[in-house]
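Here is the structure we will look at, set down as structure tokens.
The values are calculated or read from the model by the stated rules, or taken from the named source; none is laboratory data. The model shown is predicted, which means the values in this text are computed figures rather than measured ones. Here Cβ is always computed from backbone atoms with ideal geometry, including for glycine, and neighbour counts include all displayed protein chains.
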Amino acid sequence: MSREKIYVSILEKIFRSKFKPGMRQVEFQREEIVKFGKVLKRSLPKNLGDLVYSFRYRAVLPARIQATAGEGEAWIIRPAGRSRYRFVLVPNTPLVPNPNMTTTKVPNATPGIVAKYAFNDEQALLAKVRYNRLVDIFTGVTCYSLQNHLRTTVPEMGQVETDELYVGVDKKGIHHIFPIQAKGGTDRLSIVHIEQDFGVCAQKFPSLVCRPIAAQSMQDGVIALFEFEQSESGVSIAGEKHYKLVPPEEVTETDLETYRQRTAE
């Protein structure tokens, strides 16, 4: 049996053992992965956390679990403390790029040697965003990379990780904090990432304006950037723009006139 099928069978067993119709939250502990793995006689992953991580960040939750969600809702997994997790029903808002968005060309300033030796899609994407100052362009704030791969603990969430942190200052002198999530290849963005980024801001940078950003690689070298906001109804997309890094000579006068017209609108 493949690792994916093992993960699905164990997670379904945990969920079904606790869920009752009408429930909007279902809590479980990491040790239950061992318990139900033995019940199902499945070979357990060496890293038990990988099972939960997989469904929080990479894979879609099993269909049998999602089938219990109401119309317009979906189950996600949130951290609930050290080695504790919680299935939670949330509005089913997919964090995927809008295929109908216009694309803005940006002269590519990525150093060739960086592009050549980037280890994976995520690292390459972060490097492109950083060297081309796409966060500055997207937000209109002068930004600087503060730290890569921040791993910290947030109360009631447990351990969380942010791909990169930017700090910035705007024309009014207001200081901003930008947690960045990056997804390349087939990896997908998750609402859990963004909720955790808001939690990191509240815990570590309470005096700064928190503006979570997500970057997603698309076909043809296009990079989609999202900004999020948080309200009583949850996390929602506040803005989305698409950029394509091109050689400087490919930014034509026609392109520039188009961009000027956007500003005038």
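Which one is surrounded by the fewest Cβ atoms within 10 Å (Cβ to Cβ) among residues in the range 1-33 that are among the basic types (K, R) and either touching a residue at least 40 places away in the same chain (Cβ under 8 Å) or assigned to a helix (DSSP H, G or I) (or both)? If you could, list the steps in order and put the result at the bottom.
Within the range 1-33, the subset among the basic types (K, R) is 3, 5, 13, 16, 18, 20, 24, 30.
Still in the running and either touching a residue at least 40 places away in the same chain (Cβ under 8 Å) or assigned to a helix (DSSP H, G or I) (or both): 3, 5, 13, 16, 18, 24, 30.
Numbers: R3: 12, K5: 10, K13: 17, R16: 13, K18: 13, R24: 12, R30: 14.
That would be K5.
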Quiz item: What's the number of the condition T110 fails, among (1) within 30 Å of K172 (Cα to Cα); (2) assigned to a helix (DSSP H, G or I)?
Solution: (2)
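Among the residues of the range 34-47, which ones are among the small types (G, A, S) and surrounded by 16 or more Cβ atoms within 10 Å (Cβ to Cβ)?
Of the range 34-47, the ones among the small types (G, A, S) are 37, 43.
Within the range 34-47, G37 is the sole residue that qualifies.
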Practice problem: Given the conditions (1) loosely packed, with under 12 Cβ neighbours inside 10 Å; (2) more than 27 Å from P79 (Cα to Cα), report the number of the one that E232 does not fulfil. | Solution: (2)
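Yes or no, residue by residue, for (1) modelled with pLDDT of 90 or more; (2) part of a loop (DSSP other than H, G, I, E, B); (3) of a type in the set (D, E):
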{"position": "I177", "(1), (2), (3)": "yes, no, no"}
{"position": "Q181", "(1), (2), (3)": "yes, no, no"}
{"position": "G185", "(1), (2), (3)": "no, yes, no"}
{"position": "Q196", "(1), (2), (3)": "no, no, no"}
{"position": "C201", "(1), (2), (3)": "yes, no, no"}
{"position": "S207", "(1), (2), (3)": "yes, yes, no"}
{"position": "F228", "(1), (2), (3)": "yes, no, no"}
{"position": "L256", "(1), (2), (3)": "yes, no, no"}
{"position": "T263", "(1), (2), (3)": "no, no, no"}
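Could you count how many residues in the range 47-102 are assigned to a loop (DSSP other than H, G, I, E, B) and at pLDDT 85 or above?
Quick first cut of the range 47-102, residues assigned to a loop (DSSP other than H, G, I, E, B) only: 47, 59-62, 67-72, 80-83, 92-102.
Narrowing further to those that are at pLDDT 85 or above: 62, 67-71, 96-102.
Result for the range 47-102: 13.
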Exercise. Output the residue which, of all residues in the range 60-82 that are surrounded by fewer than 16 Cβ atoms within 10 Å (Cβ to Cβ) and touching a residue at least 24 places away in the same chain (Cβ under 8 Å), is farthest from the chain's Cα centre (by Cα).
Key: R64
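Scan the range 136-158 residue by residue and report those that are closer than 18 Å to K241 by Cβ and part of a loop (DSSP other than H, G, I, E, B). Give the steps one after another, and end with the answer.
Of the range 136-158, the ones closer than 18 Å to K241 by Cβ are 136-143.
Correct list: G140, V141.
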Quiz prompt | E161 vs. criteria assigned to a strand (DSSP E or B) and either farther than 12 Å from F178 by Cα or aromatic (F, W, Y) (or both) | solution = yes
